[in-house]
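One structure below.
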2 protein chains.
Amino acid sequence: MINEQYKKMLEEKSVIRQLSEFATARGGQIGYENVFDYSLGNPSVPVPEKFTEVMIDLLKTKSSMELHGYSPSVGISSVKSKIADSLNERFGMNYTGNHIFPTTGAAGALAHALRCVTKPGDEVLVIAPYFPEYNFYVNMTGAKLKVVSADTEGFQINFEKLEEMLSEEVTAMLINTPNNPSGAVYNERTLRELADLLYRKQREYRHDIFLISDEPYREIVFEGVEAPYVSKYYDNTLSCYSYSKSLSLPGERIGYVAANPRCRDAELISAICSQISRGIGHNCPPSIIQLAVAEVGALTGELSVYETNMNILYKELTALGFEVVKPGGTFYIFPKALEEDATAFCRKALNYDLILVPSESFGTPGYFRMAYCIDTEKVERSLPALRKFVEENYR
Amino acid sequence: MINEQYKKMLEEKSVIRQLSEFATARGGQIGYENVFDYSLGNPSVPVPEKFTEVMIDLLKTKSSMELHGYSPSVGISSVKSKIADSLNERFGMNYTGNHIFPTTGAAGALAHALRCVTKPGDEVLVIAPYFPEYNFYVNMTGAKLKVVSADTEGFQINFEKLEEMLSEEVTAMLINTPNNPSGAVYNERTLRELADLLYRKQREYRHDIFLISDEPYREIVFEGVEAPYVSKYYDNTLSCYSYSKSLSLPGERIGYVAANPRCRDAELISAICSQISRGIGHNCPPSIIQLAVAEVGALTGELSVYETNMNILYKELTALGFEVVKPGGTFYIFPKALEEDATAFCRKALNYDLILVPSESFGTPGYFRMAYCIDTEKVERSLPALRKFVEENYR
């Protein structure tokens, strides 16, 4: 019989998707180039040519079996080693291939990491503002997502609130730095304080508390900002990575879980993940994509456009009187709306063909998100609309 | 905390994997070409050149965004339509793209189909002999797999036993034709009788009973054998397909769920599957592979070698006195062992460097499986070893 739980989910449409569909429809009327669509986090930078060359080379030179044969259920050994080496070189870690579990993007990485270190009924804490899909990623495993309200000063962590919520039922925390939607990057002080608190609570509760670190924006960090590598601060860390943003490959579904070599059962995490796969139909990301990303190492697309766009928007928003924390990375900015009801605010913006996403679903009411992974020329063209919107409604 | 359920699973190693590892180790001693490794169902036929050409062409001609951008969560629209058209042409169905949900291989297809039409606690019936991973695919959703014992006469369906087990708690049946491990193909009579029984039980219990049809071997059918298309016989059918065997692409994880246009909520199945994806981290198969398989349509590799191998083995096994049902398709054969304990039988075969898989894990004790997706030359070289094994142990 059709599962009613999933069928019901069809009725609750994602706000971001709805806005994106509105933008497409409006584009049909006035030309999509005239819709200032800040709704979707779809990378605008081309895939690096080197990646395409590597793919073509693999197709031309490898035998069918080598290239398209079954990947071992823990991932292709040479791929795992290359990823480990690249992380060690960049972040001074000491991963081996054994600690790396290739996945279908960050969604796949989180699906495995969450099941690996929680069981149904456990609590998982997340810091607001947070990516709304985490609700599904966590709650559909049987664990319960609990939201720690935001530090709206700088979008770091409100430790008082966090400690209040860090009960004995909590077996994992999910963080995301650089952050979607705020663009904030957790600084060293935040990560040290977080680690201290988690170590203290582990001792108090006499059980492990894992830190699941969602890092798809790790490579998009702006000038003068340090983005410390989370695993260096806390042993029980599982890094969840995706190449979607760094290589502009969101459709190819490729990422990994990297288990800190100092975490509990570090040598087993990858094998445990491969057992989890049997239940969720994952069975490794595509072989050719595994081989290609391992080959290009730490290569990224030409990501500097995101910083250019951020600077233009930050300057304009500040000039218009918005309260806004300057993003340290990603391609998002998260200003405070000019009225309490962010949904009403964003609805008014639609009249100016500005597609802004209200913040309710990010767990922090009263703000809005702009995803500025669009052409700089369009960002510039959107400024008069932004000004007009503010002047006609909030002056 | 590390999830103990998954950690424990590491101790229960798959027999097939263990045998395959033994074969690799033995290969290190005597040369892998001298190990008659019939353990793994890894396609031996090369990927068709046309597929490689299509991949290279996509990489050379499509823009990054078109090729590697996010796929909609229900799959790429043009891909869905092409798959529907190809199925309609071959099997006289009337699918639209709406009925097709692209997945990461058959494992992904089954993970979605099972969750779509069952809920935790429901019973799912499977006919022995069956692919042992079904235990994990089903039980890890929370539903319970129940095994209907084999019709060892012809590996069709023992309907008396099936009806006995078809209780009110059963909401889905999982079948696999052409079958792994028996190589049997369900004939029209079997499918008609199955449909009649399911229709009768649906009326009796006043709820839907879905037929989940796992069809990765659909394209490997031998001369003179008819392989009827399951969905034509029963409305509530979800076909789960994989290109792994037909295009020799098991590593690329590409397949689909095709919902019979006459099944309950047919127009919603694909959308419901996309909701299920949010909980299991699937988020569509890789875009480039979706586009490539849709482009090559019903193309397959040069699959005739499997029939050649089957004929050689069937003739030899029969001559040696084995009880064996002649396979109608796949690259498996499933003879009765020459002693009651199939594991003991297969252990003795190892002394002759013959890697055979005992049948206990397939739910039908006393048999063994040979996966003859290997070079014909090697099949021929294995015959003296097979003869010697039988003569020295069972004459």
* Considering (1) closer than 30 Å to A:I333 by Cα; (2) over 25 Å from the mean Cα position of the chain (by Cα), say which one A:I16 fails and leave the rest. => (2)
* Return yes or no: is B:V117 more than 10 Å from chain A (Cβ to nearest Cβ) and either surrounded by 16 or more Cβ atoms within 10 Å (Cβ to Cβ) or among the basic types (K, R) (or both)? => no
* For A:N158, indicate whether it is touching a residue at least 40 places away in the same chain (Cβ under 8 Å) and either buried (at least 16 other Cβ atoms within 10 Å of the Cβ) or polar (S, T, N, Q) (or both). => no
* Residues B:F345, B:F334: which one is touching a residue at least 12 places away in the same chain (Cβ under 8 Å) and touching an Asp or Glu at 6+ places or on another chain (Cβ under 9 Å)? -> B:F345
* Asked: Which of the following residues is touching a residue at least 60 places away in the same chain (Cβ under 8 Å) and over 15 Å from B:I254 (Cβ atoms): B:Y32, B:Y6, B:Y38?
  -> B:Y38
* Quickly run through the range A:59-78 and pick out the residues that are among the small types (G, A, S), out of contact with any Leu (no Cβ under 9 Å at 6 or more places or on another chain) and more than 9 Å from every other protein chain (Cβ to nearest Cβ). => A:G75, A:S77
* To do: Kindly indicate which of B:A298, B:A292, B:A344 is under 30 Å from B:Y70 (Cβ atoms) and outside any loop (DSSP other than H, G, I, E, B).
  => B:A292
* Asked: Has the range B:317-330 got any residue that is part of a strand (DSSP E or B), of a type in the set (S, T, Y) and under 18 Å from B:V379 (Cβ atoms)?
  -> no
* Being touching a residue at least 12 places away in the same chain (Cβ under 8 Å), at the interface with another protein chain (Cβ under 7 Å from one of its Cβ atoms) and surrounded by 24 or more Cβ atoms within 10 Å (Cβ to Cβ) is the filter; apply it to the range B:268-281 and report the residue that is nearest to B:K82 (Cα to Cα). => B:I272
* Structure fact -> Residue pairs qualifying under the 7 Å Cβ cut-off, at least six apart or on distinct chains, with the first in the range A:248-267 being under 13 Å from A:M93 (Cα atoms) and more than 10 Å from chain B (Cβ to nearest Cβ) and the second being of a type in the set (A, V, I, L, M) and surrounded by fewer than 21 Cβ atoms within 10 Å (Cβ to Cβ), are A:A259/A:A266; A:N260/A:A266
* Asked: If you go through the range A:146-191, how many residues are charged (D, E, K, R) and assigned to a loop (DSSP other than H, G, I, E, B)?
  -> 4
* Asked: What tally of residues in the range A:12-44 results from selecting those that are aliphatic (A, V, I, L, M) and modelled with pLDDT of 95 or more?
  -> 2
* Asked: What about B:S63, is it farther than 28 Å from B:K232 by Cα, assigned by TED's automatic domain parsing to the domain that holds B:L386 and hydroxyl-bearing (S, T, Y)?
  -> no
* Structure fact -> Going through the range B:38-52 in order, the residues found to be touching a Leu at 6+ places or on another chain (Cβ under 9 Å) and in a helix (DSSP H, G or I) are B:K50, B:F51, B:T52
* **Conditions (1) in contact (Cβ under 8 Å) with a residue 40 or more places away in the chain; (2) surrounded by fewer than 23 Cβ atoms within 10 Å (Cβ to Cβ); number of the one not met by B:K315** => (1)
* Asked: Residues of the range A:100-140 being in contact with a Pro (Cβ under 6 Å, 6 or more places away or on another chain) and assigned to a loop (DSSP other than H, G, I, E, B), which ones?
  -> A:T104, A:P129
* Scope the range A:361-395; condition surrounded by fewer than 22 Cβ atoms within 10 Å (Cβ to Cβ), free of Cβ contacts under 8 Å to residues at least 40 places away in the same chain and not small (G, A, S); matching residues -> A:P365, A:E377, A:P384, A:K388, A:E391, A:E392, A:R395
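Residue-by-condition table, conditions (1) out of contact with any helix residue (DSSP H, G or I) (no Cβ under 7 Å at 6 or more places or on another chain); (2) within 14 Å of chain A (Cβ to nearest Cβ); (3) among the aromatic types (F, W, Y); (4) under 23 Å from B:A227 (Cα atoms):
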residue: B:V138; (1), (2), (3), (4): no, yes, no, no
residue: B:K146; (1), (2), (3), (4): no, no, no, no
residue: B:Q156; (1), (2), (3), (4): no, no, no, yes
residue: B:E169; (1), (2), (3), (4): yes, yes, no, no
residue: B:S182; (1), (2), (3), (4): yes, no, no, yes
* **Residue among A:K161, A:K119 that is over 22 Å from A:A195 (Cα atoms), among the basic types (K, R), more than 17 Å from the chain's Cα centre (by Cα) and modelled with pLDDT of 95 or more** => A:K119
* Regarding A:D85, is this residue surrounded by 19 or more Cβ atoms within 10 Å (Cβ to Cβ) and among the acidic types (D, E)? -> no
* Just need a number here: residues in the range A:9-28 that are closer than 30 Å to B:F210 by Cβ and either assigned to a loop (DSSP other than H, G, I, E, B) or touching a helix residue (DSSP H, G or I) at 6+ places or on another chain (Cβ under 9 Å) (or both). => 6
* To do: For the range B:192-209, state whether one or more residues are within 16 Å of the chain's Cα centre (by Cα), at pLDDT 95 or above, within 14 Å of chain A (Cβ to nearest Cβ) and over 30 Å from B:G301 (Cα atoms).
  => no
* To do: Considering each residue of the range B:20-57, count those that are more than 10 Å from chain A (Cβ to nearest Cβ), within 18 Å of B:P132 (Cα to Cα) and buried (at least 21 other Cβ atoms within 10 Å of the Cβ), and give that number.
  => 2
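The values are calculated or read from the model by the stated rules, or taken from the named source; none is laboratory data. What you see is a predicted model, and the numbers here were worked out from it, not measured in a lab. Here Cβ is always computed from backbone atoms with ideal geometry, including for glycine, and neighbour counts include all displayed protein chains.
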